[in-house]
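Coordinate-derived values only; no laboratory data. What you are looking at is a predicted structure, and each value in this text was computed from that prediction instead of being measured. Cβ coordinates were reconstructed from backbone atoms using ideal geometry, including for glycine residues, and neighbour counts include every protein chain displayed.
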Amino acid sequence: MSAAAPRPFAVAASGPLIGCVAVPGDKSISHRAVMLASLAVGESRVEGLLEGEDVLATAAALRAMGATIERGADGAWRIHGVGVGGLLQPEAALAMGNSGTSTRLLMGLVASHPITATFTGDASLSRRPMARVIEPLARMGADIIASPAGRLPLMVRGLLPAIPIRYTLPVASAQVKSAVLLAGLNTPGITTVVEPVATRDHSERMLRGFGAELTVEETGEGRVIGVRGEAELVPQHIIVPGDPSSAAFWTVAALVVPGSDLLLPNVLLNPTRDGIYRALRLMGGDIAIVNERETGGERVGDLRVRHSALTGIEVPPELAPSMIDEYPALFVAAAFAQGRTVARGAHELRVKESDRIAAMAAALGTAGVAVEEHEDGLTIDGTGGEPLPGGGRVATRLDHRIAMSMAIAGLHSRRPIAIDDAVPIATSYPTFLATMARLGASPTWLNA
Ligand code: S3P
């Protein structure tokens, strides 16, 4: 998984981006579809699954714990689950690659099964904090031995029966919430998570869809979510909508490259995920949502995005949970806006696949953008629609979203932007560069 040799590439200025881009399936929903289908009794069918390395790591881990997971010739996945409580002891360590979602959610599943699993990851994942999941899972009775500072590699020895807890999230994290709820699936009684700040709710929606008994209450403390354990999950037919995090790159590209007009069909518009579109509209972005509809319990729509004169804004910090993965793309939009954009209150960016505040400050600085780094965000002075100076070689730091954001920045730059590694892009969007080439821009490979 990202142990491959780095593949540097460069992106030069492009003509208008015109046409239609169908982005791959949503990453968060894809992980959860594979996990819950692996715990259902019988066969589920998943269409539109994201076939990125992160989701494939989840699938490989669940195969190693007994599920049957196969891709049909028609591109649909058939998943035969083992039933809640039926996960088997894996024979080898579970290789999580670059994927925090795989690691944290699967740790939750293992925590309430009578098995022991070791989790390993690449250099990026091995730097990320796991104490935030270790703490609640240990309260449920799991025995977890981690590397220093609560990092990978780590070993989880599950407890049967685990202990139901009521847990208030100390950080706004859908991964921590989901880890506890998934542990609760095989725990007697009701496991409760209180989230003071709402985060993406795909676990809740999908748990209900698979037949788990789940309650959600809005209270003065925040959202209180309870799941009844020893659940029996019923196989489902799932159609995964397009990933709004992937669509965000093309949205920013169309907004900043003069003359562009892109249609992005079938994008997930769940209100816990659409913050980037709200922020870009505040900047003056022409983003129309057409054919809005509901598919499989999720809101989806087609986005039509046209080149726009963007204006700098103070990014409302309350949007952070609903656009946490999209800040790198937003920073690129800000680099082309008229005036100053200030994004604060996004401290969690420091512990993503890279420290995204430092990584984007350095990357934009390399491309000639005026940027100031804060503890919890960036201030960016935009070009007012003029191309970036470009040039230099950007460090991606094993982070797919840094690579893709800076590739988009290159589409409207005086000199090409070189990026030190394309390999991480495959974790979430393997066809990204091919799509860029199809749109008429031509990413070129460089010597390492
Ligand atoms: C995710 C939750 C978010 C997000 C990640 C996917 C999920 O992480 O950044 O890419 O699928 O639950 P946090 O829970 O750390 O905020």
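Observations on the structure shown:
- Dipole orientation for the chain: of the candidates 364, 167, 23, 364 has the Cα lying most toward the positive pole (charges on Cβ; Lys, Arg +1; Asp, Glu -1).
- 5 angstrom amide H check on residue 165, placed H, neighbours 5+ away: 192
- Per-residue packing, averaged as other Cβ atoms within 10 Å, sorts the ranges 211-220, 5-14, 76-85 into the order 76-85, 5-14, 211-220, beginning with the highest.
- For the stretch 253-362, with +1 on Lys and Arg beta carbons and -1 on Asp and Glu, the positive-most of 297, 311, 270 along the dipole: 311
- 3J(HN,Hα) along the stretch 57-62, derived from phi through the Karplus expression 6.51 cos²θ - 1.76 cosθ + 1.60 where θ = phi - 60°, amounts to 5, 4, 4, 5, 5, 6 Hz, with x in place of Gly and Pro.
- Contact order for the stretch 27-238, expressed relative to its length and based on alpha carbon pairs under 8 Å spaced 6+ residues apart, stands at 21 percent.
- In this label model, residue 414 and residue 370 are separated by 1.5 nm, measuring between points 7 Å along each Cα→Cβ vector.
- Amide H contacts of residue 223 (H built 1.01 Å from N, under 5 Å, at least 5 apart or other chain): 195
- Among residues other than residue 4 with Cβ under 12 Å from its Cβ, the summed charge is -2 (Lys and Arg +1, Asp and Glu -1).
- Residues whose amide H comes within less than 5 Å of that of residue 345, counting only those at least five positions distant or on another chain, are 376 (H built at 1.01 Å from N in the peptide plane).
- Centre separation in Å (Cα based) which lies between the stretch 76-150 and the stretch 331-409: 32
- 20 Å cut-off, amide nitrogen to a point 7 angstrom out along residue 393 Cα→Cβ, residues in the stretch 350-370: 359-369
- Here the Gaussian network model covers the chain, with springs between Cα atoms less than 10 Å apart; of 247, 434, 309, 434 fluctuates the most.
- The relative contact order of the chain, computed from alpha carbon pairs under 8 Å that lie at least 6 residues apart in sequence, is 20 percent.
- Mean separation of Cα contacts under 8 Å, 6 or more apart, over the residue count of the stretch 322-448: relative contact order %: 23
- Simple spin-label estimate for residue 4 and residue 292 in nanometres, 7 Å along Cα-Cβ: 3.9
- Cα pair count fraction exceeding 40 Å, expressed as % - the chain: 16
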